[in-house]
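Bear in mind these aren't lab numbers, they're just calculated from the coordinates by the rules spelled out. Note that the structure is a prediction, hence the values are computed from the model and not measured. When we count neighbours, we look across all protein chains shown, and the Cβ atoms used for this are built from the backbone with ideal geometry, even at glycine.
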Amino acid sequence: MIKLLYSRFYNELLRFCVSLSHDVAFAEDIVQETYLRALANADILSELPEAKCRVWLYRTAKNIFIDHVRRLAKSIEPAQEPASEDDYSKVMVQMMCCHLPENERTLFLLRYLHGYNSTELGEMFGIPPSTVRARLASARARLKKYFNEN
């Protein structure tokens, strides 16, 4: 069953992952991890019709991507070069974001530090762009309120 899914959906799934990550090598890693999880869940997938297996593959790939993005958002990378004022600003923003709920923090960091727009974030998380904008507005309001009180 996994061989059939691989032959039918590999290229399609790879294109989907490239559209999410904008990085071919990372997209290939996501697809590889997706098929490894498919192997681990082969007993479940063998009972599903092909269309549902396709949905399972896409959802799994998207979840792997989101997990990776969340891990990146939580980690602070050490500076390789002498720190600039912009680097300090990024660290300050990340520190401020610890006062936000996780869903707002992730969107805020991806939007303002990594440059994704609301449409791209909506596609990544499976929510409408208007919801992304509303959550970003809520995050900004929370930060403003918090820092005006302190």
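So if I average 1/r over every pair of distinct C-alpha atoms in the chain and take the inverse, what Kirkwood radius in Å does that give?
In the chain this quantity evaluates to 17.3 Å.
In nm, to one decimal, how far is the modelled label at Ser19 from the one at Phe147, with both set 7 Å along Cα→Cβ?
3.6
Cα-based Rg (one decimal) and Dmax (whole number) for the range 2-73, in Å?
According to the Cα coordinates of the range 2-73, Rg and Dmax are 11.9, 37 Å.
Name the most mobile residue of Ile66, Ile30, Ile127, meaning the one with the largest mean-square fluctuation, in a Gaussian network model of the chain with Cα contacts below 10 Å.
Fluctuation is largest for Ile127.
With each pseudo-label sitting 7 Å past Cα toward Cβ, what's the His114-Phe26 distance in nm, one decimal?
0.6
So, R0 is 22 Å and r is the distance between the beta-carbons of Tyr10 and Glu47; what FRET efficiency does that work out to, to 0.05?
My answer for the efficiency is 0.55.
Pick from Ser46, Ser21, Ser138: which residue has the top mean-square fluctuation in a GNM of the chain where Cα pairs under 10 Å get a spring?
Its mean-square fluctuation being the largest, the pick is Ser46.
Please list, or write none, the lysines whose alpha carbon is within less than 21 Å of the alpha carbon of Lys52, excluding same-chain residues fewer than 8 places away.
Lys3, Lys62
What does the charge add up to near Ser7, with Lys and Arg as +1, Asp and Glu as -1, over the other residues with Cβ less than 14 Å from its Cβ?
+1
Between the helical axis of 129-149 and the dominant principal axis of the chain, each derived from Cα atoms, what acute angle in degrees is found, rounded to the nearest 10?
That works out to roughly 30 degrees.
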